[in-house]
Amino acid sequence: EVQLVETGGGLIQPGGSLRLSCAASGFSVSDNDMTWVRQTPGKGLEWVSLLYRRGTPKYADSLKGRFTISRDDSKNTLYLEMNGLRAEDTALYYCARHQVGKHQFDYWGQGTLVTVSS
Amino acid sequence: DIQMTQSPSSVSASVGDRVTITCRASQGIYSWLAWYQQKPGTAPNLLIYEASSLQDGVPSRFSGSGSGRDFTLTISSLQPEDFATYYCQQADSFPLTFGGGTKVEI
């Protein structure tokens, strides 16, 4: 059974850093394109970053180099390193698996909440 | 960026009703359009991909149509478990973008 479990969210002060993890089971993250999506009541669903299975990353322009996506194949885990956090980064962060070769998402985790506040 | 506009933002319906939700892209996206259902406290769930293909396990009362800029999600006979929020997502170009959602309420 395919499962994605996100961890690492929490309360962080503006300017701080956080690393989110997404542990996968039932498939290999190295065999799939993987994405982070965030959700807020105000802005809805927002695509954040993609890591192609070959290792090439893509990011939303608005992140301006503050976020880094990566994976550890030995741990079957996807990561999102977030630096210079701002209040507007407050959101529920989901990891999701792409359908093979496509840019829609067939499995999602339950999400991890990031709150940026002093 | 491609803007995705859904309408209506909410709809009130009854069990057994036929419900139609529309999604318009700010530019043509061929058939690269997905629909998701989200219930409170849970992640989005893929219903339809490539505008009209039903994801495995999704009931056949859900259907999608359209191409280019205009797309439709139809629920042929609303069931109690279908009360949720529905989102479209364009899968044509980066950044991938979502519609604002349509809440289907009793």
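Other protein chain C-beta atoms within 10 Å of residue C-beta, averaged over B:88-98: 5.
What relative contact order, as a whole-number percentage, does chain B give when Cα pairs under 8 Å and 6 or more residues apart are counted? Once divided by the residue count of chain B, the mean separation gives 39 percent. Only Lys, Arg, Asp and Glu carry charge here, each on its Cβ (+1 for the first two, -1 for the last two); on that basis the protein assembly as shown has a dipole of about 340 debye about its Cα centre. Under the criterion of Cα pairs below 8 Å and six or more residues apart, the relative contact order for chain A equals 36 percent. Residues whose amide H lies under 5 Å from that of A:Gly16, counting only those 5 or more places away or on a different chain, are A:Leu85; hydrogens are built 1.01 Å from N in the peptide plane. Applying both filters, DSSP loop and at most 16 other Cβ atoms within 10 Å, to the trypsin sites (Lys or Arg not before Pro) of the range A:18-118 gives A:Lys43, A:Arg53, A:Arg54, A:Lys64, A:Arg66, A:Lys75, A:Arg86, A:Lys102.
Amide H to amide H, with H built 1.01 Å from N, B:Arg69 comes under 5 Å of B:Ile29, counting only residues 5 or more places away or on other chains.
One decimal place: the segment A:Lys75-A:Arg53 gains 6.4 nm when fully extended, by the rule 0.36 nm per residue minus the C-alpha distance.
Its convex hull of Cα atoms gives chain B a direction-averaged projected area, equal to a quarter of the hull surface, of 5.9 nm². The chymotrypsin sites (Phe, Trp or Tyr not before Pro) found in the range B:1-65 that occupy coil by DSSP, while having at most 14 further C-beta atoms within 10 Å, are B:Tyr30. For the residue pairs A:Lys64/B:Lys103; A:Lys43/A:Lys75; A:Lys75/B:Lys103; A:Lys75/B:Lys39; A:Lys64/A:Lys102, the alpha carbons lie more than 27 Å apart in A:Lys64/B:Lys103; A:Lys43/A:Lys75; A:Lys75/B:Lys103; A:Lys75/B:Lys39.
Modelled spin labels at A:Ser118 and A:Lys43, positioned 7 Å past Cα toward Cβ, are 2.1 nm from each other.
Here, each number is a calculation from the coordinates, and none is a lab measurement. Keep in mind that this is a model prediction, so the values were computed, not measured. We place every Cβ from the backbone using ideal geometry, glycine too, and count neighbours over all the protein chains shown.
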